[in-house]
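> Handing you a structure now.
The values are calculated or read from the model by the stated rules, or taken from the named source; none is laboratory data. Since the structure is predicted, the reported quantities are computational estimates derived from the model, not experimental observations. Quick reminder, even Gly has a Cβ in these numbers, built from the backbone with ideal geometry, and neighbours come from all protein chains shown.
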């Protein structure tokens, strides 16, 4: 079964940073932009992987090295929404079927956002590729 990971990763990020993630969930390119560690407008696969590691660390609220229902928000609506997002994340990324997403699965698993954006497959997403990716994502969102 093919898994759609990037929307789930983006949805998961909303649990960590509500206002900033709201924009990120509407624009998957934000995940790439946040990974641009040196600010040169280009994102290497290594920068993207490091960005996923930082995101995992923010999402792993209880610091047990895995994402599961215990990592959801702590209050009201945020708690319900983040619980749904955690379930989606587990469904999409739990490679060993143990009911949680371990750090290595999250950080080193397939990088669909990066792969979708890296149009020429050179291991770097440049400004032009990022703009094209953003446009495709926007078109896709309007088709739903």
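> Taking the residues in the range 53-78 that are crowded, with 21+ Cβ neighbours inside 10 Å and out of contact with any strand residue (DSSP E or B) (no Cβ under 9 Å at 6 or more places or on another chain) as candidates, determine which candidate is modelled with the lowest pLDDT.
Ranking the candidates gives 71 first.
> List pairs: first in the range 118-144 and on the phi > 0 side of the Ramachandran plot and in contact (Cβ under 8 Å) with a residue 40 or more places away in the chain, second assigned to a helix (DSSP H, G or I) and surrounded by 16 or more Cβ atoms within 10 Å (Cβ to Cβ), Cβ under 7 Å, 6+ apart or cross-chain?
123/45
> Which members of the range 38-52 meet the condition of being part of a helix (DSSP H, G or I) and surrounded by 13 or more Cβ atoms within 10 Å (Cβ to Cβ)? Don't jump to the end; show me each part of the working.
Just the residues of the range 38-52 that are part of a helix (DSSP H, G or I), to begin with: 45-52.
45, 47, 48, 49, 50, 51, 52 - these are the residues of the range 38-52 that are part of a helix (DSSP H, G or I) and surrounded by 13 or more Cβ atoms within 10 Å (Cβ to Cβ).
> Do we find a residue being part of a helix (DSSP H, G or I) and at pLDDT 80 or above anywhere in the range 12-29? So that I can check it myself, show each step before the final result.
The initial filter retains those residues of the range 12-29 that are part of a helix (DSSP H, G or I), namely 12-16, 18-26, 29.
Narrowing further to those that are at pLDDT 80 or above: 29.
Yes, there is a match, as at least one residue in the range 12-29 is part of a helix (DSSP H, G or I) and at pLDDT 80 or above.
> Can you name the residue in the range 109-127 that is part of a helix (DSSP H, G or I) and more than 12 Å from the chain's Cα centre (by Cα) and, of all such residues, is farthest from residue 92 (Cα to Cα)?
Narrowing the range 109-127 to residues part of a helix (DSSP H, G or I): 112-117, 127.
Cutting the leftovers down to more than 12 Å from the chain's Cα centre (by Cα) gives us 115-117, 127.
Details: 115: 17, 116: 17, 117: 20, 127: 28 Å.
Here the residue is 127.
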